[in-house]
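Mind looking over this structure? Questions follow.
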Amino acid sequence: MNITLATALVAGLPLTAAAVAFAHPRVGRMAALGTGLLLLPVLAVLVLEALRTGPWRHNLGGWTAPLGIGWQVDALALTLLALTTLVALAAAVYRVAEGRLTRDSRYRRYFWPLWLFLWGGLNALFLSADLFNLYVILEMVSLAAVALIAAAGGPALAAAWRYFLATLLGSTLYLLGVALLYGQYGALDVSLLSGRAEEELVTLAAAVMITLGLLLKGAIFPLHFWLPPAHGRAHAAVSAVLSAVVVTAAFYLLLRLWFGPFAGMLPGLPAQLLGLLGAAAVLWGGVLALLQRHLKMVIAYSTVSQLGFALLVFPLAAADALPDQAHAGMLMLLLAHGLAKGSLFLAAGCLAWQWGSDHLRRIGPPMAGGSLPAWIAIALAAASLVGLPPSGGFVAKWWLLESALAARAWPWAAVIVLGTFITAGYLWRILRDPLRATSVDSAVVPAQGPPLPIPLAMPWAALLLALAAIASGLFATALRSAFAAGGLAG
Amino acid sequence: MGAPGLAFDGILGAALLWTAWQAIHAAGLFRAVVSFMVFGLLMALAWVRLEAPDIALAEAAIGAGITGALLLSALGRLDWEAGRATDECLRGRDRAFWVPTGLLLLAGLGGAAWLLPAPGLGEPVAAELGRSGVENPVTAVLLNFRAWDTLLEIAILLLGVVALWSLGPTPWPSSPELVSPALPMLGRVLFPAFVLVSAYLLWRGSHAPGGAFPAGAVMGAGGVLMLMAGARPWLSGDVHGPWRWALALGMVAMLGVAFAVMTGGHGFFEYPVELAGRLILLLELAAGLSIALLLFALYLGGEPPADWETRRPA
Amino acid sequence: MTLYLLLAVALLIIGLHGLFVCAQLMRKILALNVLTTAVFLLLVVLAQAAEVLDPVPHAMVLTGIVVTVSTTAVALGLMVRLLERRGGPVSGRDRDSRNS
């Protein structure tokens, strides 16, 4: 297949499908599933090309920067595109199966167009190398995400509102920084700016604004206040994509900028500050996850905590002892976390359907009523999230730890180890009560009735994602060399 | 610029600051919203002073017009009395924080912005304008150099409509007692004028300020006026019949052209130079029409019914 | 030019201040709009400051205005549903999002 066409399809296909799903609600789920199934081979073509020729760039409309907008295809972009496609496809399968259990018609009619807009926005985001284009895309992703959260109704409306305010403020701060950069260098393209940017006052002010905006959008400690209610109260399929990919998108932009135009300013205070925020997120998010009573809230707080690990890449890469290992570890973490988190939310959705609530004490035992596949998914995803070998989570944390040890950065190494213990703590809490209960009646709080049967595709979607999280660890060496071939540090 | 110009700018600046402050802090939400609309109109003047007539047109039609109508309609749906009773803005709170922070920001950001060399892209745009297919540089940037931005922007308008409709049914026709008796006639007289102005703006856009966005905005504003005048929107039918395609027209046309040019061996959105002018005109027509309809659909504030009489959901 | 630059920063501060200080949801939306307009103003001032009038920020602001009307419309719609559901006054910080 033509490489240019393949790249264009990645961004254009979901948007086209969104228009179709809006005009013809009946074909909405076919449009979503079709998009996912078509994107898989398209992405495979792009990955093979990247392995063959290394990273490349496509100038839209044939106009080179600074005039036109560019697409950047490299290891970082492709990894996140693959993650988006896998999670969005699995969640779509889950949602199609779940659709048989629901009757809420407005939600059903507008779910797929919103979903496809979100998907198209994410794909466009991971391709784009233009800062203003990214602003437009960020608005698109926020708008779609807010509508999808609000679709859950009830208390989710308040959560959606807070998320919307936070994310709109974040976009505006981001745009302010972009305006400053444009005024200074007359360019919006990331790679062009990387060549021109110097360490001076305006660039620093722009970096502060952009970073603040993105920290707010990425729910990075201490600006994470909006995330847990929004992700905890949305429908499970929506939470899966939000937690696995949407917050990662803001983090992705931080990476692009701090290892691009702002790279000269990173060593020293900025790297240490970002690392400190990461460490605080790991510990604070983890402790709060320990205190939650609802399964989905535990998983939502865990997102705050796990993204903190990824932030450690800034001080570790800046320490310059094993920077590639830190990058590879962070990339692996984003991938493994996204897959595991998607799986956990989908599995939590299954259990909430079956037992009528996701309160940890109302969920019945694994052997009752066919909830075993969902429990297996939770166990596998938890194994990867904690970092048990041979999962992707293990490899990610191991690489990060290696880099920390090589740099003799003991505090960061301690954070990684401590964070792992806390992760183990809250994930064990999820498993503890239901495992103790041997029958429906012996659950700590007896269920309202027998577990509701659900379509098998729902837990299987979760299970597939969990298996992918484990598998990413098994193929770690292959992934590591693929990362290197695709231009690791962007 | 001269002294009169400077005096005008000074008065305009002061008025902008005052209306912006009033838009946030005026007692009573109604006054706040009206202040915001005045702020939008004054901004249009500021854009003219800054040599940005395209933005002035868009701001007047969208920033003041459509946004103002949206705000007023939202206000009408809120519990008005309760709103007034609990009107509160903790203005005095945290003054110890806000005054120094404000001064610091003013000095820091103002200073930083003052230092900006602002190299700009005027020269490269002018150099490539000949190959863009249009004479107006802003249109060239919007529909050729950065057409992908514009596609996404229209996608966001459509997404906004989908998001609003997903939240619930439209409240229209909500409060007929608000409509003045003169409005229906006025609306019918004015609507053709709105259509004419939009057509003119669209035609002008290829060589002078104007183009799809102001044109669409003006037409959308005309539609909103008709709705206020008591007209029944045509947007109805099961799954809204062909209307949903009309709403998606702008985005679909842009995607279609972007992919279609690839058959000739070009890249995504890479118009052949000899066809660029005609393709851009086509896109402007499609975008203008669908922007008008999308703004109108946003104003409905929710999903229109399949039948306006029975209000059966679509 | 300097005047409009200062105006942009002043509007930015008014918007930021309003967003944090005002409790009414409608006022938060208005404050966000003022904030966004301030950033647009900065961009257009930069366009004029360039040696040749720069059309790129003009196009960016046109795009931004359309994007903002869309987000404002959805924010208003969400606000109305939220307040209707509460059935209470228009103001007040979101009480029911506190208990999580």
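The values are calculated or read from the model by the stated rules, or taken from the named source; none is laboratory data. The model shown is predicted, which means the values in this text are computed figures rather than measured ones. Using ideal geometry, Cβ is built from the backbone for each residue, glycine included, and neighbour counts are taken over all protein chains shown.
Looking only at residues in the stretch A:117-129 that are aliphatic (A, V, I, L, M) and within 11 Å of chain B (Cβ to nearest Cβ), which one is farthest from C:L83 (Cα to Cα)? Before you say what the answer is, go through the steps one by one.
Step one: list which residues in the stretch A:117-129 are aliphatic (A, V, I, L, M), which gives A:118, A:122, A:124-125, A:127, A:129.
From what is left, the residues that are within 11 Å of chain B (Cβ to nearest Cβ) are A:118, A:124-125, A:127.
On the way: A:L118: 26, A:A124: 34, A:L125: 33, A:L127: 38 Å.
Looking at residues that are aliphatic (A, V, I, L, M) and within 11 Å of chain B (Cβ to nearest Cβ), I get A:L127.
Answer with yes or no whether A:L288 is under 24 Å from A:V146 (Cβ atoms) and crowded, with 24+ Cβ neighbours inside 10 Å.
When the stated conditions are applied, A:L288 does not pass them.
Pick from A:A129, A:A145: which is under 16 Å from the mean Cα position of the chain (by Cα) and closer than 29 Å to A:L43 by Cα? Walk me through how you get there before you give the answer.
Values: A:A129 fails: under 16 Å from the mean Cα position of the chain (by Cα).
Of the residues listed, the single one that is under 16 Å from the mean Cα position of the chain (by Cα) and closer than 29 Å to A:L43 by Cα is A:A145.
Can we say A:A219 is of a type in the set (A, V, I, L, M) and assigned to a helix (DSSP H, G or I)?
Details: of a type in the set (A, V, I, L, M): yes; assigned to a helix (DSSP H, G or I): no.
So A:A219 does not fit the description; no.
Now a separate question. Mind checking which residues of the stretch A:117-159 are out of contact with any His (no Cβ under 6 Å at 6 or more places or on another chain) and outside any helix (DSSP H, G or I)? Don't jump to the end; show me each part of the working.
Quick first cut of the stretch A:117-159, residues out of contact with any His (no Cβ under 6 Å at 6 or more places or on another chain) only: A:117-151, A:153-159.
Residues satisfying the conditions are A:S128, A:A129, A:D130, A:A151, A:G153, A:G154, A:P155.
Give me a count of the residues in the stretch A:135-166 that are at the interface with chain B (Cβ under 7 Å from one of its Cβ atoms) and of a type in the set (K, R).
Of the residues in the stretch A:135-166, 0 are at the interface with chain B (Cβ under 7 Å from one of its Cβ atoms) and of a type in the set (K, R).
Across the stretch A:419-454, what is the total count of residues that are surrounded by 15 or more Cβ atoms within 10 Å (Cβ to Cβ) and modelled with pLDDT of 90 or more?
7
Continuing with the same structure: Within the stretch B:217-247, work out how many residues are more than 15 Å from B:Y299 (Cβ to Cβ), at pLDDT 80 or above and surrounded by fewer than 23 Cβ atoms within 10 Å (Cβ to Cβ).
Looking only at that region, the number is 3.
A:F132 fails exactly one of the following numbered conditions: (1) at negative phi; (2) of a type outside the set (V, I, T); (3) more than 8 Å from every other protein chain (Cβ to nearest Cβ). What is the number of that condition?
(3)
Just to be sure before I move on: is B:L71 surrounded by fewer than 20 Cβ atoms within 10 Å (Cβ to Cβ), at the interface with chain C (Cβ under 10 Å from one of its Cβ atoms) and within 22 Å of the chain's Cα centre (by Cα) in the structure I sent? Spell out the reasoning first.
Numbers: surrounded by fewer than 20 Cβ atoms within 10 Å (Cβ to Cβ): no; at the interface with chain C (Cβ under 10 Å from one of its Cβ atoms): yes; within 22 Å of the chain's Cα centre (by Cα): yes.
Spelling it out, it is not the case that B:L71 is surrounded by fewer than 20 Cβ atoms within 10 Å (Cβ to Cβ), at the interface with chain C (Cβ under 10 Å from one of its Cβ atoms) and within 22 Å of the chain's Cα centre (by Cα).
Got a sec? Which of A:L405, A:L401, A:L335 is free of Cβ contacts under 8 Å to residues at least 12 places away in the same chain, closer than 30 Å to A:F259 by Cα and not charged (D, E, K, R)? Walk me through it before giving the result.
Working: A:L401 fails: free of Cβ contacts under 8 Å to residues at least 12 places away in the same chain; A:L335 fails: free of Cβ contacts under 8 Å to residues at least 12 places away in the same chain.
Being free of Cβ contacts under 8 Å to residues at least 12 places away in the same chain, closer than 30 Å to A:F259 by Cα and not charged (D, E, K, R) holds for just one of A:L405, A:L401, A:L335, which is A:L405.
Results for (1) β-branched (V, I, T); (2) over 22 Å from B:T150 (Cβ atoms); (3) part of a helix (DSSP H, G or I); (4) facing chain B (nearest Cβ under 7 Å), shown as yes or no for each residue.
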position: C:A8; (1), (2), (3), (4): no, yes, yes, no
position: C:L19; (1), (2), (3), (4): no, yes, yes, no
position: C:V34; (1), (2), (3), (4): yes, yes, yes, yes
position: C:F40; (1), (2), (3), (4): no, no, yes, no
position: C:A47; (1), (2), (3), (4): no, no, yes, yes
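Let me ask you something else. Quick test of your reading of the structure: A:L15 fulfils all but one of (1) over 27 Å from A:L131 (Cα atoms); (2) in contact with a helix residue (DSSP H, G or I) (Cβ under 6 Å, 6 or more places away or on another chain). Name the failing condition by number.
(1)
Oh, and also: Out of all the residues in the stretch A:120-151, which are within 20 Å of A:G177 (Cβ to Cβ) and in contact with a strand residue (DSSP E or B) (Cβ under 7 Å, 6 or more places away or on another chain)?
If the condition is that a residue be within 20 Å of A:G177 (Cβ to Cβ) and in contact with a strand residue (DSSP E or B) (Cβ under 7 Å, 6 or more places away or on another chain), then A:S128, A:A129, A:D130, A:L134, A:I137 are the ones that fit.
Something else now. Looking only at helices (runs of 4 or more DSSP H) that fall completely inside the stretch A:1-116, which ones have 1 or more residues that are within 14 Å of chain B (Cβ to nearest Cβ)? Give the derivation first.
Working: elements: A:3-23, A:28-53, A:75-98.
Fully inside the stretch A:1-116 and qualifying: A:3-23, A:28-53.
Same structure again: Kindly evaluate B:L143 against the criterion of being at pLDDT 80 or above, outside the structural domain of B:G205 (by TED's automatic domain parsing) and not aromatic (F, W, Y). Let's see the steps before the verdict.
Numbers: at pLDDT 80 or above: yes; outside the structural domain of B:G205 (by TED's automatic domain parsing): no; not aromatic (F, W, Y): yes.
The answer is no for B:L143.
Please count how many residues of the stretch C:53-100 are touching a helix residue (DSSP H, G or I) at 6+ places or on another chain (Cβ under 6 Å), modelled with pLDDT of 85 or more and either within 30 Å of B:P124 (Cα to Cα) or among the aliphatic types (A, V, I, L, M) (or both).
25
On to the next question. So which of C:Q24, C:Q48 ends up being among the polar types (S, T, N, Q) and touching a residue at least 60 places away in the same chain (Cβ under 8 Å)?
Working: C:Q48 fails: touching a residue at least 60 places away in the same chain (Cβ under 8 Å).
Unique residue meeting the criteria: C:Q24.
Still on this structure, please answer the following. Can you pull out the residues in the stretch C:25-48 that are within 13 Å of C:A75 (Cα to Cα) and of a type in the set (G, A, S)? Explain how you work it out, then say what you get.
So in the stretch C:25-48, the residues within 13 Å of C:A75 (Cα to Cα) come out as C:25-33.
C:A31, the sole residue that qualifies.
Oh, and also: Name the residues in the stretch A:94-146 that are buried (at least 24 other Cβ atoms within 10 Å of the Cβ) and β-branched (V, I, T), would you?
A:V136, A:I137, A:V141, A:V146
Give the stretch C:34-63 a look and list any residue that's over 22 Å from B:L143 (Cα atoms), crowded, with 24+ Cβ neighbours inside 10 Å and over 21 Å from the mean Cα position of the chain (by Cα), or say none.
Once the filter is applied, which keeps residues that are over 22 Å from B:L143 (Cα atoms), crowded, with 24+ Cβ neighbours inside 10 Å and over 21 Å from the mean Cα position of the chain (by Cα), the stretch C:34-63 yields nothing.
If you go through the stretch B:237-252 one residue at a time, do you hit one that is in the same structural domain as B:W203 (by TED's automatic domain parsing), outside any helix (DSSP H, G or I) and touching a residue at least 24 places away in the same chain (Cβ under 8 Å)?
Filtering the stretch B:237-252 down to residues in the same structural domain as B:W203 (by TED's automatic domain parsing) leaves B:237-252.
Filter once more, so that each one left must be outside any helix (DSSP H, G or I): B:237, B:241-242.
Add one more test, that the residue is touching a residue at least 24 places away in the same chain (Cβ under 8 Å), and what stays is B:237.
So far as the stretch B:237-252 goes, yes, one or more of its residues are in the same structural domain as B:W203 (by TED's automatic domain parsing), outside any helix (DSSP H, G or I) and touching a residue at least 24 places away in the same chain (Cβ under 8 Å).
Quick one: in the stretch A:472-484, which of the residues that are surrounded by fewer than 17 Cβ atoms within 10 Å (Cβ to Cβ) and touching a residue at least 60 places away in the same chain (Cβ under 8 Å) is nearest to A:Y94 (Cα to Cα)?
Initial filter on the stretch A:472-484 (surrounded by fewer than 17 Cβ atoms within 10 Å (Cβ to Cβ)): A:474-475, A:477-478, A:481, A:484.
Among the residues that remain, those that are also touching a residue at least 60 places away in the same chain (Cβ under 8 Å) are: A:474, A:484.
Details: A:L474: 26, A:A484: 34 Å.
Going through the qualifying residues, I end up with A:L474.
Another question, then. For the stretch B:112-144, how many residues meet the condition of being under 20 Å from B:I291 (Cβ atoms) and more than 7 Å from chain C (Cβ to nearest Cβ)? If you could, list the steps in order and put the result at the bottom.
Residues of the stretch B:112-144 that are under 20 Å from B:I291 (Cβ atoms), as a first pass: B:134, B:136, B:138-144.
So of that shortlist, the ones also more than 7 Å from chain C (Cβ to nearest Cβ) come out as B:134, B:136, B:139-140, B:143-144.
Selection size over the stretch B:112-144: 6.
So which residues in the stretch B:291-305 are touching a strand residue (DSSP E or B) at 6+ places or on another chain (Cβ under 7 Å) and facing chain C (nearest Cβ under 8 Å), if there are any at all?
Step one: filter the stretch B:291-305 for residues touching a strand residue (DSSP E or B) at 6+ places or on another chain (Cβ under 7 Å), giving B:302-303, B:305.
The answer is B:G302, and nothing else.
Being crowded, with 19+ Cβ neighbours inside 10 Å and farther than 17 Å from A:W410 by Cα is the filter here; which residues of the stretch A:267-277 pass it?
Hit for the stretch A:267-277 is A:P270, nothing else.
In the stretch B:110-129, what residues are aliphatic (A, V, I, L, M), over 28 Å from the mean Cα position of the chain (by Cα) and buried (at least 20 other Cβ atoms within 10 Å of the Cβ)?
Looking only at the stretch B:110-129, we keep the residues that are aliphatic (A, V, I, L, M), and these are B:112-113, B:115-116, B:118, B:121, B:125-127, B:129.
In the following step, the residues that additionally are over 28 Å from the mean Cα position of the chain (by Cα) were identified as B:112, B:115-116, B:127.
The answer is B:A112, B:L116.
Could you list all residues from the stretch A:355-379 that are part of a helix (DSSP H, G or I) and crowded, with 24+ Cβ neighbours inside 10 Å? I'd like the intermediate steps shown before the answer.
Pass one, the stretch A:355-379, residues part of a helix (DSSP H, G or I): A:355, A:368-370, A:372-379.
Of everything in the stretch A:355-379, those that are part of a helix (DSSP H, G or I) and crowded, with 24+ Cβ neighbours inside 10 Å turn out to be A:W355, A:A374, A:A377, A:I378.
When the residues of the stretch B:267-288 are filtered to those that are crowded, with 16+ Cβ neighbours inside 10 Å and outside any helix (DSSP H, G or I), which remaining residue is farthest from the other protein chains (Cβ to nearest Cβ)?
Filtering first and then ranking leaves B:Y271.
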